[in-house]
């Protein structure tokens, strides 16, 4: 999904974050902060080099750990926010990242969703964490369901408005 502005409402409390030159970031991507050496796919994130804790942001698709379940845990644990600006490959300019607010994302499948349902990381397989798709779950939260595209929670929906929850929101600082 190329550069989809997902922000719907609310204060975004943006922060400027550096992007690795090897990463391609699109508007609306869910991002992680590389603050660990064991969280990124060395093939994509570092051009085949050795992963390092470089404290730069990457889209979820760059996350790689030991299994699909661990990929989702790592993405959730290192979730910094939503890209409000794009960054092309080769660019190292900082981008604006929203740490708060309500954002609309597609669900992995039409799902009955209720207000305050936990919205979490979605992956199709090991090394395949989605940059702009989420799922309803209970274990690796990114935020809570706020409403849906059709305005009716408690029914089967394909898109959900998510109040993101990162440890970088002002109330957590």
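Please treat every number below as a calculation from the coordinates, not as lab data. Computed from a predicted model, the values in this text were never measured in an experiment. Ideal geometry is used to build each Cβ from the backbone, glycine not excepted, and the neighbour counts take in all protein chains shown.
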Packing-based order for 90-96, 57-63, 14-20, 160-166, using average beta carbon neighbours within 10 Å, highest first: 57-63, 160-166, 14-20, 90-96
Nitroxide proxy distance, nm - points 7 Å out along Cα→Cβ at residue 124 and residue 109: 1.5
Contour excess over end-to-end distance, with Cα ends at residue 55 and residue 3 and 0.36 nm allotted per residue: 16.4 nm
By average C-beta atoms within 10 angstrom, highest first, the peptides 106-119, 129-142: 129-142, 106-119
Stretchable slack from residue 77 to residue 167, in nm (0.36 nm times residue separation minus alpha-carbon distance): 31.5 nm
